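Participant: The structure follows.
The values are calculated or read from the model by the stated rules, or taken from the named source; none is laboratory data. None of these values were measured; they are calculated from a predicted model. Ideal geometry is used to build each Cβ from the backbone, glycine not excepted, and the neighbour counts take in all protein chains shown.
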Amino acid sequence: MKAFFEKCRGGGIAFQGWELVIMRAAFSWLLWRSLPTDIPYGHQPVPNGLGSLLDLTFLADTGLFAYLRIIYGGALVLFTAGWVPFISLGYAAVLITMAGGLENSQGAIGHHLQLVCMVALSQWAAYLSLLRRGEVVWLPPSHESHQRATNWAILVIVASYVTSACVKLIASGGLWVIQLPDISLQLIKTHANVYYDTLIPQSGWIATQLPHFIAAHPNLTRLFFAPGLLLELFAFLALFGRRQAMLFGLGLLSMHLLVRWVMNLSFGAHEWLLVIYLVNVPYFAWLGIKRLLVAHAEPQ
């Protein structure tokens, strides 16, 4: 438990400099991909998030938003290079959070931008904390500072999954696993929504037969889906090292792909965040190549 709280206080995985550059580049790409090209919302009838504090409808001005988006791209380039994250990442984090707040002020709440915004804001907060330590933020911060921001991002990702598991258990009165077979009704609803959105009949096995299969085999359904809850509930173990992070990242990624396949629900940004910060493919590819080179270099 002591080790866990050490991780939460800003310790965490010791990344190399090139890893941090790749992570910033990949996250910048995700931020660019996540920001819409235009904002179609001229009103915010049900203010939510930043929309509860500000009138965000100015983002619907096509000309203005085009300029804001160009600056956004430049800010992401600076952030990738590690320069002035206090300003570059701060601008990007605020703009995408405002866009998400306006979208969620239309009367329905979406989740596709939620974790991306939280990760951006958490890293910005980590760089802001440098001010208290007196570090110069106008120049590239130290390696330690970039690492601190990355570990805060990982902490937020992990916490979001633990929170998701806790909400499932609290909302269901601890009966989430027992109630899992009811997912068959959700499947029917989901595929009906797809039909009414597209007018394309959902005729595949998943849409027509799987709901009946789930209802007919409740224990098999519980056995199949319950591991996802455990992965979310114990996701904090990913904070204890690279391998733990990779294993939980792959497990949670598999859970998302299963949800995408079964329920036609996509959490693309969440999946990319897992790949970037937990799975960390570049590091394990580098480690594998390094070990191969060492093995070949050893005398036979």
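Participant: Quick one: is LYS189 basic (Lys, Arg), in contact with a helix residue (DSSP H, G or I) (Cβ under 9 Å, 6 or more places away or on another chain) and either modelled with pLDDT of 65 or more or at negative phi (or both)?
Facilitator: Spelling it out, it is not the case that LYS189 is basic (Lys, Arg), in contact with a helix residue (DSSP H, G or I) (Cβ under 9 Å, 6 or more places away or on another chain) and either modelled with pLDDT of 65 or more or at negative phi (or both).
Participant: I'd like to verify a number: residues in the stretch 41-59 that are among the small types (Gly, Ala, Ser) and under 7 Å from SER105 (Cα atoms), how many?
Facilitator: Here the count works out to 1.
Okay, residues lined up against (1) surrounded by 14 or more Cβ atoms within 10 Å (Cβ to Cβ); (2) modelled with pLDDT of 90 or more; (3) under 14 Å from LEU31 (Cα atoms); (4) in contact with a Leu (Cβ under 6 Å, 6 or more places away or on another chain):
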| site | (1), (2), (3), (4) |
| --- | --- |
| ALA75 | yes, yes, yes, no |
| LEU78 | yes, yes, yes, no |
| SER88 | yes, yes, yes, yes |
| LEU102 | yes, yes, no, yes |
| CYS117 | yes, yes, yes, no |
| TRP124 | yes, yes, yes, yes |
| LEU130 | yes, no, no, no |
| VAL136 | no, no, no, no |
| VAL162 | yes, yes, no, no |
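Participant: Can you tell me which residue is modelled with the lowest pLDDT among those in the stretch 164-181 that are surrounded by fewer than 12 Cβ atoms within 10 Å (Cβ to Cβ) and assigned to a helix (DSSP H, G or I)?
Facilitator: Result: ALA171.
Participant: Using beta carbons and a limit of 7 Å, which pairs, at least six apart or on different chains, have the first residue in the stretch 92-118 and under 20 Å from SER160 (Cβ atoms) and the second one among the charged types (D, E, K, R)?
Facilitator: As it stands, the answer is GLY110/GLU103, since those pairs meet every condition given.
Participant: In this structure, is THR97 under 16 Å from the mean Cα position of the chain (by Cα), buried (at least 16 other Cβ atoms within 10 Å of the Cβ) and in a helix (DSSP H, G or I)?
Facilitator: yes
Participant: Something else now. Would you point out which residue out of ALA14, ALA26 is of a type in the set (A, V, I, L, M, F, W, C) and surrounded by fewer than 16 Cβ atoms within 10 Å (Cβ to Cβ)?
Facilitator: ALA14
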